[in-house]
Amino acid sequence: MSTDLMIKDLHISVQGKPIIKGLNLAVKQGEIHALMGPNGSGKSTLANGLMGHPLYDIDSGEVIFSGVDVLELEPNERAKLGLFLAFQYPTAIPGVSLANFLRLAVSAVRGKEGNGSSNDGLIPMREFRRELREKMKQLGVDDSFARRYLNDGFSGGEKKRAEILQLAMLEPKIAILDETDSGLDIDAIRVVGESVNQLIGPELGVLIITHYPRLLDYIRPQFVHILLDGRIVESGGWELTQMLEAEGYDPIREKYGIDEE
Amino acid sequence: MANSETNTIEELGVSNDYQYGFHDDVKPTFKSRKGLDEGVINQMCDIKGEPDWMRQYRLNAYQIFKQKPMTKWGGDLSQLDFDDIYYYVKASDQSERSWDDVPDDIKKTFDRLGIPEAERKFLAGVGAQYDSEVVYHNIVEELDKIGVVFLDTDTAIKEYPDLVKKYFGTIIPSADNQFAALNSAVWSGGSFVYVPPGVKVEYPLQAYFRINSENMGQFERTLIIADEGSQVHYVEGCTAPTFSSQSLHSAVVEIVCMKGSRVRYTTIQNWANNVYNLVTKRAFAYEDAQMEWVDGNLGSKLTMKYPSVYMMEPGARGDILSIAFASKGQHQDAGAKVYHCAPHTTSQITSKSISKDGGRSSYRGWVDVAKGAKGCKSHVVCDALILDKDSRSDTYPVIEIGENDTNIEHEARVSKIGEEQLFYLMSRGLSEEEASTMIVNGFIEPLVKELPMEYAVEMNRLIQLQMEGSVG
């Protein structure tokens, strides 16, 4: 069974306004892709649409993941297939500790029929704690994180690190990082970048969605795509990020005749 | 037996989400005729062998009850028919101190509810009331020896007549309201607690209330006296079978917190949704005493209950935590009242309500600061969570301040489960139901963490049961 993420001629609109206008992209396990685009190009719409946000309407196209058309699936079914979205703005869930939440999430994603699960369908507490502690140590996350209420009162940097910790625990096949660098200072970007780097391997495909090339200094993509007005207009390698770093998006806009929004 | 329970639930076509909805076929040793008059009250007094002062007290209260008009505020009581209720149902001849002596069929009910098991684990004393009468009451020996009294109120009248007579009805007089008058006329069972000066009861005392008969009125009467510098935690739980017709639960709970004492009273109310739950609860807190009500209302058809604290002397403190969960066909009219009758008294009210599937929850609160009660502080926080557009939440706060030198804060927030929260949790593999349940549990977490661990677990489980099948 293929574990590629195949996006074919995808159209997404928000409140009746078309945002993604015929997008094609394939991401395989073990590959790192960067999707770069200016504000308003449709980056977050693509991320939310792929994960199944109810406010994002899929007008046409296909998204095949692990051989399944996921567009009819609920977000949790997509997660169980191995798709993950690191949010640009993670939502706070007051009163729910990160550890309690993650135990339920990990149990759900790994399947309740799986071996070693206890009567309540959750992975055994001891096993879960050990794994969580290991991952937190590996990512340099403070122990107190586990007891804190999920994203509640977290700083920008803490939220993004909590997202990466969830990525590490849920072990998806394909992870979408939606502007994980936004709102972070350069030190925080380095920390997050290095964390993601530790998780990269042949089992994980990554789609990094970003405006700026900064995060890519730490996570080097093999494939770079430029998103403009809801379509991928250029695909290539590292040289594209170099070009954007030097010249910004204006030359690309001019080339494709798209006005600044 | 198993068949009759299944029938009860299935024949009625009532949702059997309520896991305590079974009915056990227990033949009462006495059951008064339906409806209420002086004859029924006299019959009760005769069977109980009560002293004359209590008979007069009851008959007097009955006169007050007859004169009171039907309560018009709060919830809808128009379907409540006082003539269609059995006011006294005696399931057992006496209250036992050994679980082995409780009649087998009654014991079976409580076994199914896990009561004796709970006692062995973590309680200092347990009382169990079945319909009108307490069938079991016990306290650990060490507490008994140092003078802690934990009895059913009927027995307390016989064994501690002076103490009971001194305080009974002084905190909540018969004329206080319609249902206090009714309780004063026909009360039966409930707990009497006395904690001697300086004694700290480390583990909770628990009372368990079970309605088993159909069209039953349960009117327990509880009186707790915490003497100077003492400390006690009292916990009550309640369930009933799911019948199609109404039952009425109308308790009166009076608490005296003497100088420097500390009382916590925790309720997990889980009546079946055919029960009218109309309860008056009040505490007097004297100098530097602290009274805490932790009031969780998940069951019943209609609950009207506003635990109150009267701060009578300087330094007194009243804390009230209220959780209400109103689901389909339920109205939780819950809240709290605090009366600052003396200077330098402090109160805190925290209310969290959840409405779902067309349920309605109301917060009804009263903060009163008497003239001359300088330097008082009161802080009220009301949070309401509404799970769908069919459900409703209202807030009715009243603040009466007769003194300028005072500090009152009131915050109210209404929130809906956000689409972003649901999407976030679902994107991590949780189903919509799991995600909603998690958000609700998080919402009440600040209160649940105040509960003893076993109750916190129970509370979370009850929330989960309420949430099951809630998402289409």
Residues whose built amide H sits under 5 Å from the amide H of B:E133, excluding neighbours closer than 5 in sequence, are B:A91
If the only charges are +1 at each Lys and Arg Cβ and -1 at each Asp and Glu Cβ, what is the size of the charge dipole of the range A:92-153 around the Cα centre, to the nearest 20 debye? 120 debye
Calculate the translational D of the range A:189-254 in whole µm² s⁻¹ from Stokes-Einstein, where the hydrodynamic radius comes from the Kirkwood formula applied to all Cα pairs, the temperature is 37 °C and the viscosity 0.692 mPa s. 254 µm²/s
Rounded to the nearest 500 deg cm²/dmol, what is the calculated helix-only ellipticity per residue at 222 nm for chain B, with -39500 (n - 2.57) per DSSP H run of length n ≥ 4? -8000 deg cm²/dmol
Using only the alpha carbons of the range B:430-472, determine the length spanned along each of the three principal axes and report them from longest to shortest in whole angstroms. 33, 15, 13
Above 44 Å lies some portion of the pair distances; for chain B, what is it as a whole percent of all C-alpha pairs? 9 percent
Pairwise label distance in nanometres, B:R392 with B:N407, each label 7 Å out on the Cα-Cβ vector: 3.8 nm
Per-residue ³J(HN,Hα) for the range B:77-87, Karplus 6.51 cos²θ - 1.76 cosθ + 1.60, θ = phi - 60°, Hz, x for Gly and Pro: 9, 5, 8, 7, 10, 5, 7, 9, 10, 8, 8
List of the range B:419-444 residues, accessible area with partners at least 50 Å² below that of the chain alone (1.4 Å probe): B:E419, B:E420, B:Q421, B:F423, B:Y424, B:M426, B:S427, B:R428, B:G429, B:E434, B:M438
Checked the protein assembly as shown against the a/c 1.5 cut and the a/b vs b/c comparison, axes a ≥ b ≥ c from its Cα gyration tensor; verdict prolate
FRET efficiency (B:N60, A:D57; Cβ distance; R0 51 Å; to 0.05) is 0.15
Non-local amide H neighbours of B:C382 (under 5 Å, H modeled in plane, Pro and chain starts lacking H): which ones? B:S351, B:E411, B:A412, B:R413
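At 1.4 Å probe size, with every protein chain present, just tell me what the per residue accessible area of the range A:45-184 comes to in Å².
42 Å²
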Here the relative contact order (percent) of chain B, from C-alpha pairs under 8 Å and at least 6 apart, is 10 percent
Taking amide hydrogens as modeled 1.01 Å from N in the peptide plane, which residues meet the under 5 Å criterion relative to B:D295, leaving out close sequence neighbours? B:T267, B:L321, B:S322, B:I323
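The range B:318-400: which trypsin sites (Lys or Arg not before Pro) are DSSP loop and have at most 13 other beta-carbon atoms within 10 angstrom?
Listed in order of number, the matching sites are B:K371, B:K389.
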Enter the accessible area per residue of chain B (Å², integer; probe 1.4 Å; all protein chains in place). 37 Å²
Could you give the dipole magnitude of the range B:109-230 about its Cα centre, charging the beta-carbon of Lys and Arg +1 and that of Asp and Glu -1, in debye to the nearest 20? 120 debye
Could you work out how far apart the two model spin labels at B:Q464 and B:D83 are, taking each label as a point 7 Å from the Cα in the direction of the beta carbon, and quote it in nm? 4.7 nm
Size of the A/B contact, given as accessible area buried on both chains, probe 1.4 Å, in Å²: 2100 Å²
Short version: ³J(HN,Hα) in whole Hz for each residue of the range B:165-177, in order, from phi by Karplus 6.51 cos²θ - 1.76 cosθ + 1.60 (θ = phi - 60°), x for Gly and Pro, what are they? 4, 5, 10, 4, x, 8, 8, 10, x, 4, 7, 4, 7
Taking only the alpha-carbon atoms of the range A:1-120, the convex hull volume per residue, in cubic angstrom, is 144 Å³
From phi via Karplus (6.51, -1.76, 1.60), per-residue ³J(HN,Hα) for the range B:368-379 in Hz, x at Gly/Pro: 10, 10, 6, 4, x, 7, 6, x, 8, 10, 9, 10
Accessible surface of the range A:92-153, 1.4 Å probe, proportion on carbon and sulfur as whole %: 46 percent
Could you work out the relative contact order of the range A:92-153, using alpha carbon pairs under 8 angstrom and six or more residues apart, expressed as a whole percent? 60 percent
A:E72 versus B:E38, label points 7 Å from Cα toward the beta carbon: distance in nm? 7.6 nm
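The values are calculated or read from the model by the stated rules, or taken from the named source; none is laboratory data. Bear in mind that the values here come from a model prediction, so they are computed numbers and not experimental data. With ideal geometry, Cβ positions are generated from the backbone for all residues, glycine too; neighbour counts draw on all protein chains shown. SASA here: full protein model, heavy atoms, side chains in, ligands and nucleic acids out. Shrake-Rupley method; radii C 1.70, N 1.55, O 1.52, S 1.80 Å.
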